Amino acid sequence: MSAPEAAAKPEVHKGLEGVIASETTISEVDGKNCQLIYRGYHIDELVGRTTYEEVSYLLLFGALPARGQLADWTTQLEAHRTLEPEILAFLRSLPRRSSSMARLRSAISLLGVHDPDGDSDELDTMRRQSVRVIAKTVSLVATIARLEAGQEPLPPKRGLSQAATFLYLLHGREADALEVQALDAYFVLLAEHGLNASTFAARTVMGTKSDYYSAITAAIGTLKGPLHGAANSKAMEMLEEIGTPDNVVGYVQKTLADHKRFMGFGHRVYKGADPRAKHLRALAEQLGRAHQDLKWFDISTKLQEAVWQAKQLYINVDFYSASLLHYLNIPTPLFTAMFACARMAGWSANILEQASDNRLIRPLASYVGPRDLRFVPLDQRR
Ligand code: ACO
């Protein structure tokens with residue numbers, strides 16, 4: 001390529017890396033300083049001190065709720081958790097071989113079809129839809145899991161939090177305080193994370209003035225990929241494949257020799273430690289101790305160390321999510337849907353923010369294919 005041609009070549013940001021596509025007041029993902037801030041609060045301030053109910057309110061409305069606001073918000077969430085008969089019938093009709101994320105994606109789409117305002121792009125309507133969908137997602141995911149296991153779905157119980165409801169609906173018994181606390185903290189830590197792939201997908205859909213349910217459906221489809229949300233279940237499969245702490249070093253060597261990736265390691269934005277990981281690690285350890293089963297935690301810590309020694313890669317949010325969710329007796333194929341339960345608040349806040357100051361999202365592509373081709377009739381093509 002000649003010098004003028006090279007100079008004229010537009011700069012391409014593959015994967016939109018480093019591109020700032022919007023302003024936001026919802027969260028800051030500070031990759032350089034490895035910090036995550038929700039509406040002005042560092043996550044270290046929130047985790048262990050706030051519930052998912054408080055944090056979802058914070059993300060959606062911009063401030064932590066006062067006592068009365070929290071009571072009202074909690075009541076609204078409780079009121080929406082029950083699944084309507086048509087949704088239950090739909091979930092029962094789905095083939096067993098379909099993944100939990102595919103079922104969740106389809107169920108959210110169906111919620112939109114049954115909502116008389118499903119095609120609306122009005123802010124007030126979408127705020128109501130956010131409460132409805134945040135509340136229902138825990139019921140949907142637990143119901144998907146019970147049906148997969150051949151168990152009858154349960155109706156939600158009054159007086160339980162989002163996290164406690166999920167564990168009750170999945171296991172058919174009320175979880176103990178530590179289990180609820182761990183899942184609640186997991187939901188808080190994964191509630192929001194800037195313009196990640198699934199949130200960007202949701203905002204792109206909303207940017208066309210489509211509707212809330214379409215945006216959430218797109219986000220779920222995006223989260224489903226192993227380079228994004230499905231890394232948590234892949235990380236658990238990796239721990240299971242390793243099987244015992246003694247196998248860690250051999251696994252690392254083989255993975256490097258095969259040029260494969262370590263799931264739950266690396267991040268596009270954080271250039272150091274993912275600020276969520278230390279909290280998840282502490283919770284996984286607490287659960288492991290409580291269950292007198294530190295095997296998964298021990299494999300994880302040894303793997304974290306060995307991958308660091310071999311490749312200086314940091315763990316990301318998905319790494320200790322794996323053992324944490326496993327210790328809560330949540331089946332591995334459900335892990336990515338657990339991520340979706342948490343992220344529903346962040347997606348909803350971003351959809352509302354996009355709609356309140358909208359501009360169609362429409363990047364450009366630099367065409368590098370052939371030019372000036374001449375048309376060839378069908379019977380002359382080879
Ligand atoms: N295992 C092994 N090597 C890795 C990993 C990993 N998990 N992550 C990055 N690298 C290496 C790459 O091989 C590459 O090395 P090279 O330059 O020698 O070829 C270098 O680090 C940069 O990797 P990229 O893929 O260019 O980085 P990118 O920013 O595109 O990728 C990603 C980020 C997709 C998260 C990547 O780290 C990855 O594939 N991780 C595993 C999957 C995962 O855990 N995803 C969850 C991310 S968090 C979330 O979405 C919730």
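The values are calculated or read from the model by the stated rules, or taken from the named source; none is laboratory data. The structure presented is a predicted model; accordingly, all values stated were derived computationally and were not measured. Cβ atoms come from the backbone with ideal geometry, glycine included; neighbour counts cover every protein chain shown. Keep in mind that these areas ignore ligands, DNA and RNA; they rest on the heavy atoms of the full protein, side chains included. Shrake-Rupley method; radii C 1.70, N 1.55, O 1.52, S 1.80 Å.
For Glu241 and Val376, what does the FRET efficiency come to when R0 = 51 Å and r is the distance between their Cβ atoms, rounded to the nearest 0.05?
Working: r = 51 Å, r/R0 = 1.00.
Once rounded, the FRET efficiency stands at 0.50.
Report in % the part of the accessible area of region 231-327 that belongs to carbon and sulfur, leaving out ligands and nucleic acids; probe 1.4 Å.
49 percent
Leaving out ligands and nucleic acids, and using a 1.4 Å probe, what accessible area per residue does region 261-321 come to in Å²? Present the calculation step by step, with values, prior to reporting the outcome.
Numbers: 2930 Å² over 61 residues.
On a per-residue basis, 48 Å².
Compute the distance in nm between two label points, each set 7 Å from the Cα along the Cα-to-Cβ direction, one at Arg97 and one at Thr82.
Simple spin-label model gives 3.7 nm for this pair.
Per the Cauchy relation, a quarter of the hull surface: what is the mean projected area of the convex hull of the alpha carbons in the chain, in nm²? Present the calculation step by step, with values, prior to reporting the outcome.
Working: hull surface 99.0 nm².
The orientation-averaged projected area of the Cα hull of the chain comes to 24.8 nm².
Can you compute the helix-only [θ] at 222 nm over the chain? Use -39500 (n - 2.57) per DSSP H run of at least 4 residues, normalise by all residues, nearest 500 deg cm²/dmol. Provide the component values of the computation, followed by the final result.
On the way: 17 runs with 216 residues, N = 382.
One gets -18000 deg cm²/dmol as the mean residue ellipticity at 222 nm.
Tell me which lysines have Cα within less than 20 Å of Lys254's Cα, excluding those fewer than 8 residues away on the same chain?
Here the lysines satisfying the reach criterion relative to Lys254 are Lys234, Lys302, Lys311.
Accessible area, 1.4 Å probe, largest first: how do Tyr52, Tyr367, Tyr251 sort? Write down the numbers at each step before the final one.
On the way: Tyr52 0, Tyr367 125, Tyr251 40 Å².
The ordering from most to least exposed comes out as Tyr367, Tyr251, Tyr52.
With the crude spin-label approximation of a point 7 Å out along Cα→Cβ, what separation in nm comes out for Leu123 versus Ala310?
Once both label points are built, they end up 5.1 nm from each other.
Given the Cα-Cα distance of Ala273 and Gln292 and 0.36 nm per residue of separation, how much length would full extension add, in nm? Walk me through the numbers on the way to the answer.
Numbers: separation 19, 0.36 × 19 = 6.84 nm, distance 2.80 nm.
So the extension gain works out to 4.0 nm.
I'd like to check one number: the per residue accessible area of region 28-114, probe 1.4 Å, reported in Å² as a whole number. Present the calculation step by step, with values, prior to reporting the outcome.
Numbers: 4290 Å² over 87 residues.
For region 28-114, the solvent-accessible area averages 49 Å² per residue.
In whole angstrom, note down how far apart the Cα centers of region 363-382 and region 90-121 are.
40 Å
For the chain, return all DSSP H helices satisfying: extent of Cα atoms along own axis at least 30 Å; mean Kyte-Doolittle hydropathy at least -0.5. Kindly include the intermediate steps, with their values, before the conclusion.
Details: long enough: 123-148 (36 Å, 0.32); 335-356 (32 Å, 0.56).
Membrane-span-like by this criterion, though nothing is claimed about a membrane: 123-148, 335-356.
Measure out, as a whole number of angstrom, how far apart the alpha-carbon centroids of region 238-288 and region 14-86 sit.
27 Å
Within the accessible area of region 129-210, what % is carbon and sulfur when the probe is 1.4 Å and the other protein chains stay in place?
54 percent
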